[in-house]
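Enquirer: The following block contains the structure, expressed as structure tokens.
The values are calculated or read from the model by the stated rules, or taken from the named source; none is laboratory data. Just so we're clear, the structure is a prediction, and the values are computed from it rather than from any experiment. Cβ coordinates were reconstructed from backbone atoms using ideal geometry, including for glycine residues, and neighbour counts include every protein chain displayed. What goes into the accessible areas is simple: the full protein's heavy atoms, side chains included, and nothing from ligands, DNA or RNA. Shrake-Rupley method; radii C 1.70, N 1.55, O 1.52, S 1.80 Å.
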Amino acid sequence: MSALAHRRFLKMHGAGNAIVVLDLRGSAAKVRPEEARAIAQDPGSRFDQLMVLHDPVSPGTDAFMRIYNTDGSESGACGNGTRCVAYAMLDDPAMARPAEGGRLVLETAAGRVGVRRISERAFTVDMGRPRLAWDEIPLSEPFPDTRRIELQIGPIDDPILHSPAAVNMGNPHAVFFVDRDPASYDLARIGPMLENHPLFPERANISIAQVTDREAITVRVWERGAGLTLACGTAACATVVAASRLRMIGRQAHVRLPGGELFVEWRADDHVLMTGPVALVAEGTLAPELFAGAA
Ligand SMILES: N[C@H](CCC[C@H](N)C(=O)O)C(=O)O
């Protein structure tokens, strides 16, 4: 039987991004990709991302986090999910541990993120520094300037989208800036082609963004490994960094996504801070039969 059977989870969302939090601290259990897929496919535990807590690995951190997409693939970052984890680690009766004044340091395969409570249901995540070199995104061929890379989709003489910015926020992002409502693009059709484009050896999250004023951007996202989601925290961060590099905004903006709004600041010390809400939807336990056919 799976080591995950009967384990309790929290079903949450961050600006509409569906998140499940599972606490495996104090155990040697790990989530296998097929088990993540099985959990995602059950209506009671459906998620865009599964945030799994493990015992801390490095001194000065409160937990090690593994992040799974709907398809079972792992990511080095999830902004919305990190806020949900902070809520769980500070407020959930079973998951909470005493923490210094509402502050936590979480570690993932991509590095450390700091989280600070702003209010009962809002948190600011220090997502760390963006990685901007072509081989840090990563891209499969060299581009000295990742503010606009050579990639387009649609008719060669009249592309639907072209010249995206590339940013890594612990995960790879391509951001296409457009001058009309991002909702007018068929991202459900375009997204998978771009997510799996050979230019992205680790695939990519695909955003379509419209800068509506010097401090406001409207974004829609096709997420790597999860598809269309109502919000994507790291995409919001990547979009603000990209827009700032292109001088379309200053260093901060309100990012409006279908599921809600995030505020992102690319601080002078190169750290990207993202502030947004969390919501608790339900709690549940993982039924053993979930994993019966896990493949
Ligand atoms: N799909 C992303 C991970 C989740 C990102 C998103 N949900 C967020 O809030 O940052 C990836 O595979 O890179």
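Enquirer: Using the per-residue mean of other Cβ atoms lying within 10 Å as a proxy for protection, in what order, highest first, do the peptides 194-200, 210-216 fall?
Expert: 194-200, 210-216
Enquirer: Then there's this: Between the DSSP loop rule and a limit of at most 15 other Cβ atoms within 10 Å, which trypsin sites (Lys or Arg not before Pro) in the stretch 70-131 are left?
Expert: 121
Enquirer: I need the shape label for the stretch 65-171. Rule: rounded when a/c is under 1.5, else prolate if a/b > b/c, else oblate, with a, b, c from the alpha carbon gyration tensor.
Expert: It is prolate, given that a/c is not under 1.5 and a/b is the larger ratio.
Enquirer: Name the residue farthest towards the positive end of the dipole of the chain from the options 172, 248, 84, assuming +1 on Cβ of Lys and Arg, -1 on Cβ of Asp and Glu, about the Cα centre.
Expert: Ranked along the dipole, the leading option is 84.
Enquirer: Now a separate question. With every protein chain present, what accessible area does residue 223 have (1.4 Å probe, heavy atoms only), rounded to the nearest 10 Å²?
Expert: For residue 223, solvent-accessible area is about 10 Å².
Enquirer: Cβ under 13 Å from residue 93's Cβ, residue 93 left aside: what net charge do those residues give with Lys, Arg +1 and Asp, Glu -1?
Expert: That sum, taken over residues with Cβ under 13 Å, equals -2.
Enquirer: Which distance in Å, rounded to a whole number, links the C-alpha centroids of the stretch 1-67 and the stretch 155-226?
Expert: 28 Å
Enquirer: Is any residue of the stretch 182-201 close enough, with backbone N under 17 Å, to a label point placed 7 angstrom from the Cα of residue 248 along the Cα-Cβ axis, and if so, which?
Expert: Label zone hits: 182-187.
Enquirer: Can you find, among 276, 96, 123, the residue sitting farthest towards the positive end of the charge dipole of the chain, where Lys and Arg contribute +1 and Asp and Glu -1 at Cβ?
Expert: Farthest towards the positive pole: 96.
Enquirer: Something else now. Can you tell me how the chain classifies by the Cα gyration tensor, rounded, prolate or oblate, using a/c under 1.5 as the rounded cut?
Expert: Prolate, because a/c is 1.5 or more and a/b exceeds b/c.
Enquirer: Under the classification rounded if a/c is under 1.5, otherwise prolate if a/b is larger than b/c and oblate if not, where does the stretch 139-270 fall, given a ≥ b ≥ c as square roots of the Cα gyration tensor eigenvalues?
Expert: rounded
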